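What follows is a single structure, written as structure tokens, with notes after it.
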Amino acid sequence: MLDPLPAHDREGRAAHYDEVLLGIGGLLDGEDDWVAAMASVACELHHAFEHFHWTGFYRHVGGELLVVGPYQGGHGCLRIPFERGVCGAAARERATQLVPDVEAFPGHIACSSTTRSEIVVPVLTPDGRVLAVLDVDSDLPDAFDDTDRVALEQLASRLGAQFAEHAPE
Ligand code: SME
């Protein structure tokens, strides 16, 4: 496993993601178990960056409801309807939510009082169904930027294609 990148090393972040995604790609090659894939992705990402304090998935179980999946970090809420929180917004709008200050986000769900910023990326199938969302939270303010967005969207796109059969209609 790679050494975790410090939050302040913004210049090194894109190259670090390249390496992290390469490693994850190797793990996912030929894998057909969705839970194993989510667990491995959460673990690899979480340990690759010093400032990730919650990293994991909420699965779309149908009925516009997200239920927690594999994650790393402290306790996460178990169920999040599409109309609630940052995760719900990502699923509802089918768009990445980059939140530099969670206190300024209406309806943010504070599972951990130390969370200051977060990024939530929808995992969409090629035909646009919501399979899951990938949620990364940090206890630093403004911890995520476009580099995170690009890399995590690339990863989500692969997952959405590879595990599309698990997405509800
Ligand atoms: N901050 C998220 C929920 C986070 S967790 O339960 C780890 C949200 O508002 O969707």
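The values are calculated or read from the model by the stated rules, or taken from the named source; none is laboratory data. Please read these numbers as outputs of a predicted model, since none were measured by experiment. Because the Cβ atoms are built from the backbone with ideal geometry, glycine has one as well, and the counts that use them run over all protein chains shown. Please note that ligands, DNA and RNA were not included when accessible areas were found on the heavy atoms of the full protein model with its side chains. Shrake-Rupley method; radii C 1.70, N 1.55, O 1.52, S 1.80 Å.
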Discussion item. Consider region 68-82. How many of its residues are open to solvent by 20 Å² or more (accessible area, probe 1.4 Å) and either more than 11 Å from the ligand (Cβ to nearest atom) or of a type in the set (F, W, Y) (or both)?
Written reply: 2
Worksheet item: Does E50 meet the test of being more than 14 Å from the ligand (Cβ to nearest atom), surrounded by fewer than 22 Cβ atoms within 10 Å (Cβ to Cβ) and touching a residue at least 12 places away in the same chain (Cβ under 8 Å)?
Response: yes
Worksheet item: Inside region 97-144, can you point out the residues that are of a type in the set (S, T, N, Q) and either closer than 18 Å to G73 by Cα or buried (at least 21 other Cβ atoms within 10 Å of the Cβ) (or both)?
Response: Q97, S112, S113, T114, T115, S117, S138
Worksheet entry | Search result, residues across region 87-134 that are assigned to a strand (DSSP E or B) and of a type outside the set (V, I, T) | Q97, L98, S117, E118, P122, L124, L131, A132, L134
Worksheet item: Is it true that T147 is in contact (Cβ under 8 Å) with a residue 60 or more places away in the chain, outside any loop (DSSP other than H, G, I, E, B) and open to solvent by 40 Å² or more (accessible area, probe 1.4 Å)?
Response: yes
Worksheet item: So, in region 22-38, of the ones that are in a helix (DSSP H, G or I) and out of contact with any Lys or Arg (no Cβ under 9 Å at 6 or more places or on another chain), which residue ends up nearest to T147 (Cα to Cα)?
Response: L22
Discussion item. With the structure loaded, tell me whether G56 is over 17 Å from the mean Cα position of the chain (by Cα) and open to solvent by less than 40 Å² (accessible area, probe 1.4 Å) or whether it fails that test.
Written reply: no
Item to complete: Would you point out which residue out of V136, V121, V130 is within 11 Å of the ligand (Cβ to nearest atom) and under 16 Å from the mean Cα position of the chain (by Cα)?
Response: V136
Discussion item. Being open to solvent by less than 30 Å² (accessible area, probe 1.4 Å) and either of a type in the set (A, V, I, L, M, F, W, C) or modelled with pLDDT of 95 or more (or both): is that true of V35 here?
Written reply: no
Practice prompt. Could you pull out the residue among L65, L22 that is without any contact (Cβ under 8 Å) to a residue 40 or more places away in the chain, surrounded by fewer than 19 Cβ atoms within 10 Å (Cβ to Cβ) and closer than 15 Å to L155 by Cα?
Written response: L22
Response to the item:
All-but-one check, R149 against (1) of a type in the set (K, R); (2) touching a Pro at 6+ places or on another chain (Cβ under 6 Å); (3) more than 14 Å from the ligand (Cβ to nearest atom), failing number (2)
Discussion item. So, in region 128-154, how many residues would count as being more than 17 Å from A89 (Cα to Cα) and touching a helix residue (DSSP H, G or I) at 6+ places or on another chain (Cβ under 6 Å)?
Written reply: 2
